[in-house]
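Have a look at the structure below, then the notes.
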Amino acid sequence: MILETDGDSLEYIERMRREDGTKYDVRRPQSLKGHPPDLTKKVTLMEHFKNYLDETHPNRDSPLHQPTALGGAHEDAAGGVYVRKWMRTRHSIIFRLSNNNFQVHFFFNVIIVIMIGRFWLSFDNDCV
C-alpha cells in the first residue's frame, strides 16, 4: 500500500502470478474510509505502521519528516519504489523495497542502503 500525502487516498498493490510463474503487480486506488472490507486488516496494519514511524522517528518535528508527494498523481506513483516487506530488529528497521534494494535504518542514526550490484553507506548528520 502507498498512502498519499492527503492522508486518505491510498494505492493497494497486489502481487499476482501469471500461468508461466512470472510475478507482476496490480495497483488499485482506494481510500482509508471507503476501502473494500477485504482490505480492512491491511489498512489497519498500514495505519499502525505509519503511527509507529511517526512516533519513533528521531526528528519527527523536522520539516524533513513531512510527507512528500511522489508527483501527486497515481500515474507518477505507478513507477515509484515502495516498501514490499519490513522487519524491526533490536537495533534497526529493515526495509525490502519493490526494486529489490534494501534499506537498514539503525536507531543510532546510521542508514545503510544496499542496491543491486552496488553498496552505498549514508550517515545521518548527527553522527558525523
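A few notes on this one:
- Selection status of I112, modelled with pLDDT of 80 or more and under 13 Å from the mean Cα position of the chain (by Cα): no
- Restricting attention to the range 9-43, the residues that are over 19 Å from F95 (Cα atoms) and either surrounded by 12 or more Cβ atoms within 10 Å (Cβ to Cβ) or touching a residue at least 60 places away in the same chain (Cβ under 8 Å) (or both) total 10.
- Filtered residues of the range 22-39 (kept if more than 16 Å from the chain's Cα centre (by Cα) and more than 17 Å from S9 (Cβ to Cβ)): T22, K23, Y24, V26, P37, D38
The values are calculated or read from the model by the stated rules, or taken from the named source; none is laboratory data. Computed from a prediction, not measured in an experiment: that's the story for all the values here. Neighbour counts run over all protein chains shown; Cβ positions are idealised from the backbone, glycine included.
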